[in-house]
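Down below is the structure, laid out as structure tokens.
The values are calculated or read from the model by the stated rules, or taken from the named source; none is laboratory data. It should be emphasised that the depicted structure is a prediction, and the values quoted were computed from it without experimental measurement. Because the Cβ atoms are built from the backbone with ideal geometry, glycine has one as well, and the counts that use them run over all protein chains shown.
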Amino acid sequence: MIGLQIFSCPAPGNLKEMLTFLWGFLPAFLSLPNQLVLMARDHVWNLIAKKLTGEATEQELRELEMLLRENPELHYPVQTIMDLWMSDLQFDQQEAHEAFNRHLERMKDLQIDFGPQKEEKSAVKTFRVNKRNFLRAALAAAIITGVFLTGVRLIDSHVPAPPGVTKESEKAVSRISTNNGSKTNLILPDGTKVWLNAGSILTYDSAYGRKIREVSLSGEAFFDVVKNKMKPFIIHASKINIKVLGTEFNVRSYPSDKTTEASLIRGSIEVTFKDKPNKKIILKPNEKIVVDNDHNAGNVLESNRPDNHEKINQVEGVAVKSLTYENKTGAIIETSWVENRLIFQDESFEEIALQLERWYGVSILFKNNRLKENHLTGSFKNETVRQALDALKFTAAFNYEIDNNNNVTIY
């Protein structure tokens, strides 16, 4: 059980005041005995404070970016704090009171001790005291687990449920996002592990785990799903829905990509299509499904799964293929990013550029569009973007320039 000492302070009236309130005791929580973040904690949060107030120098911003890259478990709570700071969302006492009660029940399930409760004559004052205790406990649990609880904004901000997620009245929606150039990992309430790649968003609401386990994904994620036959795990991506009971697999569904992919490592998954709900495909281990994001483009997808070739052909713009392996190491290319390796094999420069943008947090522009059609192979882990581009130049004739804003021009 987690015990928290309670301090006195005024109740926040909006999200910015709430952030100020949270900020005062955040370093104390980061020094809890669990020691999840092995670094100079106060220095990190000082850098974040400077960034939020616009006082950080370029050197400090680069240092903060490096620290977040080296400690991905910090990225989500930091991003959430920044989102709160930038938000102008208001809430009234009644809405906050109802939201608090819902979160309080979830916190009790975690066996978190809120400390002695101070009695107040006024009902509103009583809520304020309890709410302060709850906010401290919620933040402590968030840091200990590495993920904020359902209702990531600490109050129900009435965010509409994402497409494909069942919406009951008003639900608190948890939104986990990563910027280009960074990755993170988290554990969902049922114990399912998720690795979230750069430029991705994962959302789920407070109904998660009641009857089914349902999430929405934009971007790329690797899932290690806890087995539960009574509560299937469902992922809603842009073009497909994926249903599993317990397995390991990768989903790539970036809006800017030409295809959506699901790659199966262990177990089995059922894939259905949003524009063809009566069609479904069952994947076996070591297989992936590739869906054309633009059927009207006339792209031809070829399957290499003989036993199901006829069935696949009945679904236009869909192919089932074997997973691809790097020739030198035997690593699975589709999931290599989870091990911090960027691998591509015989892919177009245009597709590789999108991966480089997300991997390094840069913007790439082609001055010569014919270069986009070049097919390249490469494998990178600790290389900088300059080192990666220099390596690619050995197999393709091109030059590049990088400005101070990380804009890359290829010509």
How many residues are of a type in the set (Val, Ile, Thr) and in a loop (DSSP other than H, G, I, E, B) if we restrict to the stretch 214-230?
-> 2
Single condition Met230 does not satisfy, out of (1) farther than 28 Å from Trp359 by Cβ; (2) in contact (Cβ under 8 Å) with a residue 12 or more places away in the chain = (2)
Qualifying residues in the stretch 186-227 (those that are of a type in the set (Phe, Trp, Tyr) and over 21 Å from Arg266 (Cβ atoms)) - the one surrounded by the fewest Cβ atoms within 10 Å (Cβ to Cβ) = Tyr208
What about Lys258, is it at pLDDT below 95, under 23 Å from Ile333 (Cα atoms), in contact with a Phe, Trp or Tyr (Cβ under 9 Å, 6 or more places away or on another chain) and of a type in the set (Lys, Arg)?
-> no
Working carefully through the options Lys280, Lys243, find the one that is without any contact (Cβ under 8 Å) to a residue 12 or more places away in the chain, surrounded by fewer than 20 Cβ atoms within 10 Å (Cβ to Cβ), part of a strand (DSSP E or B) and in contact with a Ser or Thr (Cβ under 9 Å, 6 or more places away or on another chain).
-> Lys280
